[in-house]
Amino acid sequence: MPDTLLEQHAEALRLFGEYVRAIADDQWGAPTPCTEWNVRELVNHVTGEQLWIPPLVTDGRTVEDVGEELSGDVLGEDPAAAWEQAAAAAHAAFTAPGALDRTVRLSYGPALGSAYCSELTADCVVHTWDLARAIGADDRLPEALVEFSIKEVMPYAEGLAASGAYDPPVEIPAGANAQTRLLALVGRRG
């Protein structure tokens, strides 16, 4: 069971990658719970998020410095390979000495590398569920990742919805398990 932030991050990336490799050729255009994205667009989004990490964390660049370099289709002809390369580079950037203590300049302002890593870990967990749902795979998420993500998302759920990052939270059913609570916080019905 992963217990450090870097272990949680690695586990989230590994799990998302499992589902990316499970996508059948005819599923790339399938709808996802993120109504604005199909499967390819969802994978492109999460892969793109990983591509931002090295320039921001390792190179100390700003969002403005990177500009449009990472916009558009980042998956190319081999989406699984693009994911694997982006995930490996992202994790390497966060595991570099001092990376989690470094200030990263994000679109919404400065943040510690650890906060940025936590945010992207939780985002990857939620989008893993989206991808699993979209391709008809087992959508049960590991409990440790779910609990980690709840702690990360809960304080910001309303703000995340207002920013457009997630749908508005939905009512959490009485007696809901942790995964259902997490999904409800980000506007999904599990």
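The values are calculated or read from the model by the stated rules, or taken from the named source; none is laboratory data. Quantities reported herein were computed from a predicted structural model and do not represent experimental measurements. Ideal geometry is used to build each Cβ from the backbone, glycine not excepted, and the neighbour counts take in all protein chains shown. Each accessible area value is taken on the protein alone, full model and side chains, heavy atoms only, with ligands, DNA and RNA left out. Shrake-Rupley method; radii C 1.70, N 1.55, O 1.52, S 1.80 Å.
The residues of the range 66-156 present an accessible area of 47 Å² per residue when probed at 1.4 Å with all protein chains retained. Compute the signed sum of charges (Lys and Arg +1, Asp and Glu -1) over the other residues within less than 11 Å, Cβ to Cβ, of GLU119. Local net charge: -3. Residues whose amide H lies under 5 Å from that of LEU106, counting only those 5 or more places away or on a different chain, are ALA111; hydrogens are built 1.01 Å from N in the peptide plane. Please report the carbon-and-sulfur percent of the accessible area for the chain; probe 1.4 Å, protein heavy atoms only, DNA, RNA and ligands left out. Taking all protein chains in place, the chain shows 52 percent carbon and sulfur surface. Across all directions, the average projected area of the convex hull around the alpha carbons of the chain is 10.4 nm².
Modelled this way, with points 7 Å down the Cα-to-C-beta line, the labels at ALA96 and TYR156 are 2.2 nm from one another. Taken per residue, the accessible surface of the range 1-61 reaches 46 Å², heavy atoms only and a 1.4 Å probe. If the Kirkwood radius is taken over C-alpha pairs of the range 42-99, then at 4 °C and 1.567 mPa s the Stokes-Einstein diffusion coefficient equals 111 µm²/s. Over all projection directions, the Cα-based convex hull of the range 83-140 averages an area of 4.8 nm². Positive contributions from Lys and Arg (+1) and negative ones from Asp and Glu (-1), summed over other residues with Cβ under 12 Å from the Cβ of LEU75, come out at -4. Where in the chain is the longest stretch that carries no trypsin sites (Lys or Arg not before Pro) classed as loop by DSSP and with at most 12 other Cβ atoms within 10 Å? Between exposed loop sites, the widest span is 1-139.
Relative to the Cα centre, the charge distribution of the chain, modelled as +1 at Lys and Arg Cβ and -1 at Asp and Glu Cβ, gives a dipole magnitude of about 440 debye.
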